[in-house]
Structures are given as structure tokens and as C-alpha cells.
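The values are calculated or read from the model by the stated rules, or taken from the named source; none is laboratory data. All values reported here derive from a predicted model rather than from experimental measurement. Positions of Cβ are backbone-derived with ideal geometry, glycine not excepted, and every protein chain shown enters the neighbour counts.
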Amino acid sequence: MIKFRALALLMAALAAPAADSQHPLFRQIDALTRSLSEITGFGLRRAVPYAMINRRELRAFLERRIHEEVKPEEIRIEEMLLKKFGLVPPDFDLKRTTIELYTEQAAAFYDFKRRKLFILESDDAALQQAALVHELAHALADQHFRLHRFLQRAGPNDDGALARLAVMEGQASYLMAELTARNLGQSLENSPELLDLMSRMIGAAPGESPVFDRSPLYLRESLLFPYTAGMRFQHAVIQKKGREGFREVFRRPPESTQQVLHPEKYLSGISAVRLAPPELAARRSYRKLAEGTVGEFDYAVLLRQYVGEEAARRIAPAWRGGAYRLLEHRREQRTALVQVSLWESDRDAQAFVGAYRKVLEGKWKRFEASSEAPGRLAGRGDDGFFLLRRDGAYVYCFEGFSAPLEWPQATAAALRTIN
């Protein structure tokens, strides 16, 4: 959903400055590459360049490249969207937080443009070796599937973009864990307990990463999801397809985060329903800032943040499709958010309506319900009037308008305007 992912993909694609390439760690590259090729069947087509870089150089470079590659208006819209959904606080600074997060969290990265891997300087030799395996896995996959193009085929505001990122990072994480397991005489293939342990070890322990610890939940989960959920997804595909599963996930990538979270849907070919946000009757008064899909992952995190873990586990998996559009009034200094989502049943949709009411109450200081009935809620919040309406298994939500909204008399298939 959120364009924060597009900024994350930019980080992954940055070309780094010249750096030390004589570190003893790199002597392991040939042996590690042979092991990865044996596991995946991906033959090495060309040598992989490499270098060591320090964290100060990385931060300076990230700041420079964001300045060069990302327009201020794009960052403004991205930050506004996060705030509009209630995923970050009103004073949140997206650019600063992104730079700080990646500077703190990066252990290594693979440059898609120069096809070169970089390892961050560290006193932790085990961490550096694991990072080297992870980036070599990217390099091998890139030689067969052109990772930059693979990621770009999903739009930056699409739930499928995070699903594709989970393919890339999940496979590299799985291979990193599998090599570790083999060094201990074990394998992830026949040990779900070991897989679970390895996936839970991804990410820093509390207190070790202050920037990560104080970041909003959505950003933390967005950073971890491709590695943890992606790793479990890759394992499930390998269990079904064998070694061919390493290729399968690139040739036929998951279409949504739901397929990553529930690999059985991916393996069975169960896809999400593509939806279009409803049009406004007064659409000429607004200009579109952004639009895209809202996935199971997005709603799961939103419900966790405002309603709780139990509600997220119970409601989010019933998601069948979702879309949003962020609008800005051409004259007034206000933005509006339009959403539509589809759920497994009318009952699931009603459960979401009840939960989303708590989201609205939680993300605003001002919440005034002017009318409320089963499947319908209208009122006023911090940024204007809102309307939440269920029609069968569909849920429509309009937020941030300057006047109360009325619902038209129409069938679910024709619900495209409000007056």
C-alpha cells in the first residue's frame, strides 16, 4: 500500500562509492557461492564484485542519493499517506527516519545497477559472514532473474510490490539459514522447528537498535516482513516443488502479501480480487495524489496498532481485496482518503467495520459519530467528515471531507459515486 516501500527499493538499488575490497571475509566467496549454487541450481555466470563500506560513508551516500533521486513532492505525498491512514504520528519525518533506519539496520546490500555487493564494517564476524551469504544469494538470483526488473514489475503503491520484495529477501534469508543449518549437520527442509527458530532470530533484540525500536509499528513490520514471512513462504514452496521452488517464486511471484502469509493460497492459485476505489461525484474539485492496493499485511498491522493482536489475527485473513486513493482539494488545504475492501463474507465485512471504527477513534483526537447503524457509520474527525459503509461483503470508507457524505441508492456493482 504505502510508498515507503518505493523508498526502500531505492535504497536497495543504490550504487555505492569506492570501498575496501581486501577484507579477509571475501576469501570465503568462492566456497559460499558453490554451496548456494548446489542448493538452488543457480549456476554462477560471472564473478560477483564486492567491497567493504563503513556506516558513516553509507549514511552520507544515502542522504546524497535521496536528494538526487527522490523529489520532495514524492516524499511529501508518501509521508501524508502514512499519516492519513494513521500509521505514523502527525509529527513523523519520513525522510529522516528512513535514512536513520537504513543506516542503523544495514549489515550489507547488493547494488542492482553495478551488480556488486557491499558488506558493512563490523566487529561481529558471524554477522558479516551471514550478510555475505545473503548478498551472494541476491547476486546469484540477479544473474538469472534480473532482480531490479522483477521488483519494478509491481507498482510502488501495490501490495504486490511487498510480496515481490518478500520473494527476493525471503529466498536469501532462507539460504542464509539453510547454510547455517548444514554447518550444524541439519537442514530446514525436514525441521520446521529449526525454520521457526531461524525466522524468529531475524531482527535485532530490543535495546540494540534504538532507531528501529522507536519507529512506528508499520515501518518496523514493513522492514521485517520480507525476511521473516518471505523465508517461511520460500520454505513452503520448496516443500511442495523441491529445488524447482527457488525458480518458481521468480517465474510466478505471489500477487499479494496474503499469498506470502498463506502459501497454500499461492500454491492453489487463489488470487485477490482487484478493486477500484469509488469515484467522487465532486471529483473535479480534487486531484489524485496517489492510489494503490491495500493488502492483508496492511490491514493486519493497522488492526494490531489500534484494536489488538487478536482482532488482527481474526479479521485480516478474511481479506479478499482492497484499494485506496489519496486526494487533495484543489482550493482548500485538505486531503481526503477513499478506500474499498472486499471480505470473505458479509459477517467478515461487518467485523471489519466494527474494528475500523476503533481505528478511527484511535487515530484521531476528535471523533464524533453523527449517525450509526449496522453496517454504517458517519461523523466527523480531526480532518473532516467521514463515512464508513458496508454493502454485502464490500466496505467503503471516505475520510477527510469538508461536508457530510450521503450514500447513493445503488447496487454493490454500481457503487462508484457519493454526493
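Observations on the structure shown:
- Filter result for Q239 (buried (at least 23 other Cβ atoms within 10 Å of the Cβ), in contact (Cβ under 8 Å) with a residue 40 or more places away in the chain and at negative phi): no
So that you can scan it fast, the table gives a plain yes or no per residue for (1) closer than 26 Å to E255 by Cβ; (2) free of Cβ contacts under 8 Å to residues at least 60 places away in the same chain:
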| site | (1), (2) |
| --- | --- |
| D93 | no, yes |
| A107 | no, yes |
| R114 | no, no |
| D124 | no, yes |
| H144 | yes, no |
| G160 | yes, no |
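- Those residues of region 286-326 which are closer than 23 Å to S215 by Cα and of a type in the set (K, R), in sequence order: R304, R313
- Entry remark, region 189-212: residues being within 26 Å of E244 (Cα to Cα), among the aliphatic types (A, V, I, L, M) and out of contact with any Lys or Arg (no Cβ under 9 Å at 6 or more places or on another chain) number 4 in total.
- Within region 132-144, the set of residues being among the hydrophobic types (A, V, I, L, M, F, W, C) and over 21 Å from the mean Cα position of the chain (by Cα) comprises L132, V133, L136, A139, L140.
- Any hit, region 143-150, residues being surrounded by fewer than 22 Cβ atoms within 10 Å (Cβ to Cβ), of a type in the set (K, R) and part of a helix (DSSP H, G or I): yes
- Looking only at region 62-119, and only at residues there that are under 17 Å from the mean Cα position of the chain (by Cα) and aromatic (F, W, Y), the one that is modelled with the highest pLDDT: F85
- In region 223-236, the residues that are over 24 Å from I99 (Cα atoms) reach residues that are among the aromatic types (F, W, Y) and crowded, with 20+ Cβ neighbours inside 10 Å with C-beta atoms within less than 7 angstrom, at least six apart or across chains, in these pairs: M231/Y174; Q234/Y174; H235/Y174.
- Considering only residues in region 81-126 that are touching a strand residue (DSSP E or B) at 6+ places or on another chain (Cβ under 6 Å) and assigned to a helix (DSSP H, G or I), the one that is surrounded by the most Cβ atoms within 10 Å (Cβ to Cβ) turns out to be L81.
- Members of region 120-142 that are aliphatic (A, V, I, L, M) and under 14 Å from R46 (Cβ atoms): L136, A139, L140, A141
- Hits in region 288-310 - residues which are of a type in the set (K, R) and touching a helix residue (DSSP H, G or I) at 6+ places or on another chain (Cβ under 7 Å): R304
- Test result for F297, without any contact (Cβ under 8 Å) to a residue 24 or more places away in the chain and outside the structural domain of K83 (by TED's automatic domain parsing): no
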